[in-house]
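The values are calculated or read from the model by the stated rules, or taken from the named source; none is laboratory data. The structure presented is a predicted model; accordingly, all values stated were derived computationally and were not measured. We place every Cβ from the backbone using ideal geometry, glycine too, and count neighbours over all the protein chains shown. Calculation scope for accessible area: heavy atoms of the full protein, side chains included, ligands and nucleic acids excluded. Shrake-Rupley method; radii C 1.70, N 1.55, O 1.52, S 1.80 Å.
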Amino acid sequence: MATITEAEIIERLENLSNSRKLALKGNINWKDESELYKLTLVRDAMSIFNSGGGLMVFGAGEGQFTGLSEVEEDSFIGFDLNEMLKLYAQPEFFCDPVTMTVTHAGTEKKVFVVQV
C-alpha cells in the first residue's frame, strides 16, 4: 500500500463529507476514547476495506477541517487499531496510520490519517 500524499488528502477532503471511501472522524483524544468507540472504528475500517479501500481522517469532520490539537495528535502515539483488527476483523487486514501536516485555507493543520 503506497503512502498517501498531502495532495491526495487535500483532494479527498475537498467536500468535507463522508463517503464509502472516506470517513471523517473529527477531533478525538485516542487515549480518552471508550473501547466501544474504538470498536466502531474497527467496523468503519472493515466497511472501507470491503468497499475497496479508502481513508479515515481524524482532525476533519462533516463540513469542518479544524486539524488536531497537539494533545490530540500526541494521543495517537501507540495507536493500536491494527491490534484491534487482528482480534475482530475477518478476513484479517491492516491499516497504514500516519500523522500529516496539510495546508488548508492557507493554514497548516495536523491530521491523523488511516489508510485502509
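Given the condition charged (D, E, K, R), within 22 Å of GLU6 (Cβ to Cβ) and modelled with pLDDT of 90 or more, answer yes or no: does some residue in segment 34-49 qualify?
No: segment 34-49 contains no residue that is charged (D, E, K, R), within 22 Å of GLU6 (Cβ to Cβ) and modelled with pLDDT of 90 or more.
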Residue that is surrounded by fewer than 18 Cβ atoms within 10 Å (Cβ to Cβ), in contact (Cβ under 8 Å) with a residue 24 or more places away in the chain and assigned to a strand (DSSP E or B), where the choices are VAL57, VAL113, VAL71, VAL98 | VAL98
Being under 14 Å from the mean Cα position of the chain (by Cα) and open to solvent by less than 60 Å² (accessible area, probe 1.4 Å) is the filter; apply it to segment 74-95 and report the residue that is farthest from TYR37 (Cα to Cα).
-> CYS95
Flagged pairs (Cβ under 9 angstrom, 6 or more apart or on separate chains; first in segment 26-44, under 16 Å from GLU83 (Cβ atoms); second among the acidic types (Asp, Glu) and part of a helix (DSSP H, G or I)) are TRP30/GLU72; LYS31/ASP74
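Take the conditions closer than 18 Å to HIS104 by Cα, at pLDDT 85 or above and assigned to a helix (DSSP H, G or I) and apply them to GLU83. Does it pass? Even if it seems obvious, please write down each step before you answer.
Values: closer than 18 Å to HIS104 by Cα: no; at pLDDT 85 or above: yes; assigned to a helix (DSSP H, G or I): yes.
So GLU83 does not fit the description; no.
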Scan LYS25, LYS31 and give me the residue that is out of contact with any Cys (no Cβ under 9 Å at 6 or more places or on another chain) and loosely packed, with under 14 Cβ neighbours inside 10 Å.
-> LYS31
Looking only at segment 39-54, which residues are open to solvent by less than 10 Å² (accessible area, probe 1.4 Å) and among the β-branched types (Val, Ile, Thr)?
-> VAL42, ILE48
Can you find even one residue in segment 20-28 that is modelled with pLDDT of 90 or more, in a loop (DSSP other than H, G, I, E, B), under 12 Å from the mean Cα position of the chain (by Cα) and under 17 Å from VAL111 (Cβ atoms)?
-> yes
